[in-house]
Every structure is written in C-alpha cells, then in structure tokens.
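Working notes, beginning with the structure itself.
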Amino acid sequence: MSETRLHEAGPIPVYRTDRALRDSIWIKALLLTLALTFLAFFLFLPLVSVFVEASRKGYEAFAEAVTEPDALSAIRLTLLVAAIAVPFNVIVGIAAAWAIAKFNFRGKSLLISFIDLPFSVSPVISGLVYVLLFGAQGFLGPWLKANGIEIIFALPGLVLATVFVTFPFVARELIPHMQALGSSDEEAALTLGASPWRTFFTITLPNVKWSLFYGVLLCNARAMGEFGAVTVVSGRIRGVTTTMPLHVEILYNEYNSVAAFAVASLLAGLALVTLTLKTYLEWHYADAIAATKRH
C-alpha cells in the first residue's frame, strides 16, 4: 500500500531539492558567521589584547615584570601546586572511574554525585570550607597550631583547594569512555590468567589513554588558572602564597597594568601551549584516536 501511494505521489520535484539545498547552505553560513563572530569578540580579541598590553612598553618592561622576585615566586608556586594537584587527581580519578565503570556496588550513585560536587559548588565556598576546618578559629585549627602544622595561608591549603576544584576533570573524561568500552577485554585477560594489575596496565589504561590525556590537560589548565578557592585559603601574602592569578590581581589593583598583563600573558601562553600540544597530538595520532573511539 505504501509503495502504491509513493508511486502515485511521483518523484520529488527538482526545484524542492534545490530550494532545500540553498536553505541548508544559508543556514550553515549563518551559523558559521555567528560562531566566528562570537569567537572573535569573546575569545580572540581579549587574548590578543593581553599580549598587546603586555608588550606596550617594550621588552625591557615585560622582562622586568616577569622576573622580579614576587612574580618569580608566583610562577614557582603555581607550577608547584599544579605539579602536586594534577598527579593526585590523575591517580584518584583513574581509581574512581575504574570502580564506577567496571563494578557494581552499593553507593555508586553517591560516589558519582561526590565527583560532580565541585562543579556545583562555588570555588569561593569550597575555599571558605577549608578555612572553617583548618583555620586558626576553625574546627581543627587549635590542634594544628599546637602541633606546628600550617595548612591555611600555606602551600597545603593551596594544594587542597586546587585538588578540590580540579578533581572531576580526569574522572569525568574517563567514566563515559570506560563504560562504552565495557568489561569484555578485561574479563578475557583475567580468564587467560592475567593478574588484575597486569590487566589494568596492559588492557584498561591503553584503551583510555586519549581520554586520560584530555582529562590531564583540562585538570592542569584549571589548576594553573584557579582563582576563587585559592584566593580564600592563600591570605594573599605577596611573594609567599600568591599564585600567578592572584599576583595579576594584586598588580592590577595597584594600577600596574603593564606588569599585570605581562604575568597574565604567561598564563595565556601556557594555555596556548597546552592547546597546541593537544591539537598536534590529535592531528599526529588521528588514526589511533579514531580506532580507540570505534573500539
């Protein structure tokens, strides 16, 4: 019956096909124009302005701004905090993703909710929670002070705040990929006599290496650029507990805009290096990435 109606209706007129094609081209052009306009005004122009303002007074002023003691201290502290927080989140994120994707257990939904918690809580609030716990007037503050342990206004507080706000990135990249892959490969390896650790390092981890790499990139970028939680627990002690974002704010509030933009350009440069590395690897290993996703 359907074939008879289709035969009676006849073929679709050519002018309708041409019109649909023209409409599709116009819609595509409009959407592309809107996207490029948005990127130009809200991404490219601000990024270019950072580098322009940083170099406005020449190379000597730029070099002086990024090599003075407080700036060097901020750079070292930023890299140190990221070097501690990112590996920690990689290890814990892999463990959490592996448990959620490969096993069924009571409290699984609660664990997923805890992983997503930093996305729903303001970084400033998370920093305030650490102050209420470990500050001088906090719950554990008197005991920490009596034992000579410093967390707030010191490196441990910065690391704790950064770990909290960056924790979901690795786990959230790995969980859907591991769930899509299933457990058949691991079960086959275990059946053939491989140990759980060997199965993990030879089967599970290689299968999700690209998702892991993207998660590490996102985690590292957020760790170096975190401001809200860090500004609460740092105390903004210049040259001691100020990371690069905090140092930029201090310089800008002092109306030292050239120095502020100079340090900000370093952060922007680190972000561009991260993006370039990600793009290069995607281009160079495109076939391997596609094969992993198909698998």
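Bear in mind these aren't lab numbers, they're just calculated from the coordinates by the rules spelled out. Not measured: the values here are computed from a predicted model. Note: ideal-geometry Cβ built from the backbone for every residue, glycine included; neighbour counts use all protein chains shown.
How big is the shadow of the Cα convex hull of segment 99-253, averaged over all directions, in nm²? Don't skip to the answer; put the middle values down first.
Numbers: hull surface 48.5 nm².
If you wrap the Cα atoms of segment 99-253 in a convex hull and average its projections, you get 12.1 nm².
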Checklist entry - In Å and whole numbers, how far do the C-alpha atoms of the chain stretch along each principal axis, longest first? => result 88, 60, 35
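Test of understanding: what is the full-extension gain from Lys278 to Ala83, defined as 0.36 nm times their sequence separation minus their Cα-Cα distance?
Values: separation 195, 0.36 × 195 = 70.20 nm, distance 1.87 nm.
My answer for the length gained is 68.3 nm.
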Item to check | Phi to ³J(HN,Hα) by Karplus 6.51 cos²θ - 1.76 cosθ + 1.60 over segment 241-258, Hz, x for Gly, Pro | outcome: 10, 9, 7, 4, x, 5, 5, 4, 5, 4, 4, 5, 5, 8, 6, 9, 5, 5
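Can you figure out the FRET efficiency of Ser195 with Arg56, using R₀ = 45 Å and their beta-carbon distance, to the nearest 0.05?
Details: r = 60 Å, r/R0 = 1.34.
Given R0 = 45 Å and the Cβ-Cβ separation, E is 0.15.
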Checklist entry - Is it possible to state the helix-based mean residue ellipticity at 222 nm for the chain, with each DSSP H run of 4+ residues giving -39500 (n - 2.57), the sum divided by total residues, to the nearest 500 deg cm²/dmol? What is it? => result -25000 deg cm²/dmol
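Which value, in debye to the nearest 20, gives the size of the charge dipole of segment 57-292 about its Cα centre, when Lys and Arg are +1 and Asp and Glu are -1 at the Cβ? It would help to have the intermediate numbers written out before the result.
On the way: 13 positive and 15 negative charges, 105 e Å.
In debye, rounded to 20, segment 57-292 gives about 500.
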Next on the checklist: Take Asp185 and Ala40, extend 7 Å from each Cα along the Cα→Cβ direction, and tell me the distance between the two endpoints in nm.
Outcome noted: 4.4 nm
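Using Cα pairs under 8 angstrom and six or more residues apart, how large is the relative contact order of the chain, in percent? Could the numbers behind the result be given before it?
Working: 290 pairs, mean separation 84.7, N = 295.
Relative contact order comes out at 29 percent.
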Checklist outcome for this item: Between the modelled labels at Ile27 and Val92 (7 Å from Cα along Cα→Cβ) the distance in nm is 4.6 nm
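Multiply the residue gap between Leu132 and Leu47 by 0.36 nm, knock off their C-alpha separation, and tell me the result in nm, one decimal place. It would help to have the intermediate numbers written out before the result.
Values: separation 85, 0.36 × 85 = 30.60 nm, distance 3.68 nm.
Additional length available on full extension: 26.9 nm.
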Checklist entry - Which peptide among 229-241, 137-149 comes first, and what is the full order, when sorted by highest mean count of other Cβ atoms within 10 Å? => result 229-241, 137-149
Checklist outcome for this item: Percent relative contact order for segment 169-286, counting Cα pairs under 8 Å at least six residues apart, stands at 23 percent
Checklist entry - What FRET efficiency, computed as 1/(1 + (r/R0)^6) with R0 = 30 Å and r the Cβ-Cβ distance, is obtained for Glu254 and Phe227, rounded to the nearest 0.05? => result 0.95
Checklist entry - By per-residue mean of other Cβ atoms within 10 Å, what is the highest-first order of 195-202, 173-180, 41-48, 259-266? => result 259-266, 173-180, 195-202, 41-48
Next on the checklist: Run the Debye formula on the Cα coordinates of segment 200-249, all scatterers equal and no solvent, and tell me log10 I(q)/I(0) at q = 0.14, 0.25 1/Å.
Outcome noted: -0.51, -0.87
